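What follows is one structure encoded as structure tokens, with my remarks underneath.
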Amino acid sequence: MSDLSEKFTRKCFLENTGRLCLQVGLSAILLGCSQPQPAATPSPEPSPAPTPSPAPSQDGTKAGTAEAGRNDPDFLPAYVRLQRTGELGRRAEELWAVMESCQLCPRRCGVNRIKKTSGFCRTPGATLVLSGAHAHFGEERPLVGEGGSGTIFLTHCNLRCVFCQNWTISHLGRGAEATIDAFADMMLWLQGEGCHNINVVTPTHYSAHILKALDVAAGRGLRLPVVYNTSGWERLEILAYLDGVVDIYLPDFKYWDSAMSAKYSAGAESYPEVTRAAILEMNRQVGVAKPNRKGVMERGLMIRHLVMPNDVAGSEKVMEWIAANLPKDTYVNIMAQYTPLHKAYDYPEISRRITGEEYRSVVQKARALGLTNLDIQGYWMVQ
Ligand code: SF4
């Protein structure tokens with residue numbers, strides 16, 4: 001267990017998360033944004049928090065009940081079996097050791113994060129920094145259901161796109177330190193609030209922390225599926241540790257062209273090739289996403305593709321690859337909400353929103369290719 005557990009105990013969970021919100025200065029991350037809002041398009045941006053929520057119990061008992069979530073009562077998340085055998089804890093320790101010469105992502109910096117060195121992602125060593133958590137009603141409908149997606153925002157990022165909507169969190173690392181124990185309690189609290197899943201946003205550089213927290217939380221009664229909400233730029237060696245742990249993979253497929261990923265995502269030339277291989281592996285692990293009888297997703301692959309102006313993302317090529325390499329009923333969310341933020345105005349070709357025609361042509365192409373499980377809520381944005 002990390003030494004962080006001594007800094008941030010379960011007892012001070014509430015006090016610290018409240019302080020965290022104040023430090024970060026974003027009402028959007030107030031824990032307990034549980035008032036339903038119309039599910040529009042999925043967005044990586046935290047939703048406004050209309051009302052603070054009730055406090056989690058100090059001992060986690062409310063959160064620890066299996067029926068606290070509203071999923072199918074027969075559903076058992078994959079990680080519970082691994083936790084019972086001790087395998088989850090073993091994997092967490094092995095993954096933690098990878099940070100001694102960090103290879104957690106394709107940057108492969110080789111820095112010793114255990115000794116508090118930072119690599120490209122700027123994560124302060126092995127210290128966990130969280131930005132916030134809430135029931136999110138702006139994610140994909142099958143993740144939102146009635147109770148919301150239990151979203152936890154992790155700080156820093158290994159990709160650092162110039163147009164990032166969450167740049168204060170991902171580039172600047174705005175958040176507060178937390179222990180593994182508090183991270184686990186956050187998951188249990190979201191379960192207690194009735195969320196349908198635990199949605200870890202930008203998880204790659206914290207994969208070891210996530211496994212450790214899941215190990216603790218599962219022991220205390222966490223029974224929600226885990227959504228691995230990633231840029232898609234994942235190493236196969238690391239995904240092997242997540243096999244049987246992650247229930248829902250939610251990868252982006254951002255670019256088709258390596259020149260584009262290098263230009264807009266800090267030199268990440270390998271993005272298209274690495275992400276294609278990662279998505280194939282994710283599909284092998286969890287298969288096609290199919291909702292349960294209540295319409296809530298509990299397992300499977302859900303791909304996000306953000307259409308960008310001037311076809312910077314290579315959208316039609318992305319659709320062609322999906323149609324040729326994955327089942328035709330693969331869930332693909334074609335997103336229309338690109339907004340030029342952060343440094344996007346330094347690049348004229350991405351300094352505007354997309355047009356209706358740009359969006360429609362991608363959807364038409366996907367349909368013509370025979371893709372049958374398209375999430376095209378973006379249509380309303382481009383009318
Ligand atoms: S997770 Fe961070 S430190 Fe580790 S290899 Fe990636 S960018 Fe480097």
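Can we say Val216 is within 24 Å of Asn283 (Cα to Cα) and β-branched (Val, Ile, Thr)? In short, no. Of everything in region 120-137 that is small (Gly, Ala, Ser) and buried (at least 21 other Cβ atoms within 10 Å of the Cβ), the residue that is farthest from the ligand (Cβ to nearest atom) is Ala135. Condition test on Ala336, is it small (Gly, Ala, Ser) and touching a Ser or Thr at 6+ places or on another chain (Cβ under 8 Å)? In short, yes.
When restricted to residues that are within 23 Å of Phe137 (Cα to Cα) and of a type in the set (Lys, Arg), region 215-243 contains 1.
Within the option set Trp96, Trp167, being among the aromatic types (Phe, Trp, Tyr) and within 16 Å of the ligand (Cβ to nearest atom) holds for one residue only, Trp96.
Those residues that are touching a helix residue (DSSP H, G or I) at 6+ places or on another chain (Cβ under 7 Å) and buried (at least 22 other Cβ atoms within 10 Å of the Cβ), I need them from region 315-335; list them, please. Scanning region 315-335 gives Ser315, Met319, Thr330, Val332, Ile334, Met335.
Put simply, of Gly147, Gly110 the only residue that is more than 15 Å from the ligand (Cβ to nearest atom) and modelled with pLDDT of 95 or more is Gly147.
Between Ser265, Ser270, which is at pLDDT 95 or above, of a type outside the set (Phe, Trp, Tyr), closer than 24 Å to Leu104 by Cβ and touching a Pro at 6+ places or on another chain (Cβ under 9 Å)? That would be Ser270, the only listed residue that is at pLDDT 95 or above, of a type outside the set (Phe, Trp, Tyr), closer than 24 Å to Leu104 by Cβ and touching a Pro at 6+ places or on another chain (Cβ under 9 Å). Per the conditions (1) among the hydrophobic types (A, V, I, L, M, F, W, C); (2) in a helix (DSSP H, G or I); (3) within 17 Å of Leu250 (Cα to Cα), the sole criterion not satisfied by Ala324 is (3).
Taking the criterion of being at positive phi and either part of a loop (DSSP other than H, G, I, E, B) or without any contact (Cβ under 8 Å) to a residue 24 or more places away in the chain (or both), the residues of region 110-166 that qualify are Gly110, Lys116, Arg122, Gly125, Gly145, Gly148, His156, Arg160. When you check Val80 against the structure, is it in contact (Cβ under 8 Å) with a residue 60 or more places away in the chain, surrounded by fewer than 22 Cβ atoms within 10 Å (Cβ to Cβ) and away from the ligand (no atom under 16 Å from the Cβ), yes or no? Spelling it out, Val80 is indeed in contact (Cβ under 8 Å) with a residue 60 or more places away in the chain, surrounded by fewer than 22 Cβ atoms within 10 Å (Cβ to Cβ) and away from the ligand (no atom under 16 Å from the Cβ).
Kindly establish whether Ala289 is within 24 Å of Glu139 (Cβ to Cβ) and touching a residue at least 12 places away in the same chain (Cβ under 8 Å). For Ala289, the condition - within 24 Å of Glu139 (Cβ to Cβ) and touching a residue at least 12 places away in the same chain (Cβ under 8 Å) - is met. Is there a residue in region 199-214 that is over 29 Å from Phe137 (Cβ atoms) and of a type outside the set (A, V, I, L, M, F, W, C)? Among the residues of region 199-214, not one is over 29 Å from Phe137 (Cβ atoms) and of a type outside the set (A, V, I, L, M, F, W, C), which makes the answer no. Comparison of Tyr379, Tyr359, Tyr345 shows that the only residue that is assigned to a helix (DSSP H, G or I) and loosely packed, with under 14 Cβ neighbours inside 10 Å is Tyr345.
The values are calculated or read from the model by the stated rules, or taken from the named source; none is laboratory data. Please read these numbers as outputs of a predicted model, since none were measured by experiment. Quick reminder, even Gly has a Cβ in these numbers, built from the backbone with ideal geometry, and neighbours come from all protein chains shown.
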